[in-house]
1. Using the beta-carbon distance between residue 54 and residue 99 and R0 = 25 Å, what value does 1/(1 + (r/R0)^6) give for FRET efficiency, to the nearest 0.05?
2. Please state the charge dipole magnitude for segment 74-120, taken about the Cα centre, from unit charges on C-beta atoms (+1 on K and R, -1 on D and E), reported in debye and rounded to the nearest 20.
3. Taking amide hydrogens as modeled 1.01 Å from N in the peptide plane, which residues meet the under 5 Å criterion relative to residue 56, leaving out close sequence neighbours?
4. ³J(HN,Hα) across segment 33-41 via Karplus (A = 6.51, B = -1.76, C = 1.60, θ = phi - 60°), whole Hz, x for Gly/Pro?
5. Test of understanding: what is the full-extension gain from residue 79 to residue 133, defined as 0.36 nm times their sequence separation minus their Cα-Cα distance?
6. Using a 1.4 angstrom probe with every protein chain in place, what is the largest-first accessible-area order of 138, 36, 42?
7. Enter the accessible area of residue 161 (Å², nearest 10), with the probe set to 1.4 Å and all protein chains included.
8. Please report the carbon-and-sulfur percent of the accessible area for segment 30-151; probe 1.4 Å, protein heavy atoms only, DNA, RNA and ligands left out.
Amino acid sequence: MLNTTEESASCSTLETSLVNLTKGVHLARVDYQNAMVLHCGMCNTTWGDTLEVCGEEKQLNSIICLRVTKDVVVKDELEFKLEGRMAGSTYKALHCAGCQCFVGVVPYSTPKHLSALRNLFLLQKENINCYNLRNGTMEKASSLHFDQSTVHKSIKELKQEIDLLAETLTAMEKRLKGVYFGKEG
Ligand SMILES: [Zn+2]
């Protein structure tokens, strides 16, 4: 006979795990407490915030953003880099709607080693001031780190959770097979 109490207990454990997993993803992504607003270092126009930052490219001295405000204007013409770390890449330059200063670039086609940066916004750290929402201070982006260690940590934790879920599923599957086929055979 199918032990329904046991099975539904396993199901509810699984459900809880999935809910926690989803919460984990959400919390890991949205760190409102430590959020900072990114401003133009020249005219103070808002360019974005750190909730949309997914790391930094140290060699290009740039913050990598998924999204920016509409005050970061993408130039129409596609340009081509001949030298430097971005040599061989096509990109569009970004400028500030407030003061027209250079903000950074969006790479489109790149050599393989930069492929992860394609279609993302690379904002030059030296042109950015960061407004810290928690303590109301303004800091230069060049004095801050935007590395991905917290993201890596979350991914590692997620992987452990997923492995655990996979184990639970396999165990449940085995038990169900035992119930449905084992006894009949
Ligand atoms: Zn500006």
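1. Here the calculated transfer efficiency is 0.45.
2. 200 debye
3. It is 64, 148, by chain and number.
4. Whole-Hz 3J(HN,Hα) from phi for segment 33-41: 4, 9, 5, 10, 9, 8, 10, 5, x.
5. 15.8 nm
6. 42, 138, 36
7. Number for this one is 70 Å².
8. Carbon-and-sulfur percentage of accessible area, whole number: 51.
The values are calculated or read from the model by the stated rules, or taken from the named source; none is laboratory data. Please read all numbers here as calculations on a predicted model, not as lab measurements. Glycine gets a Cβ as well: all are built from the backbone with ideal geometry, and neighbour counts include every protein chain shown. The area values use the complete protein model at the heavy-atom level, side chains included, leaving out ligands, DNA and RNA. Shrake-Rupley method; radii C 1.70, N 1.55, O 1.52, S 1.80 Å.
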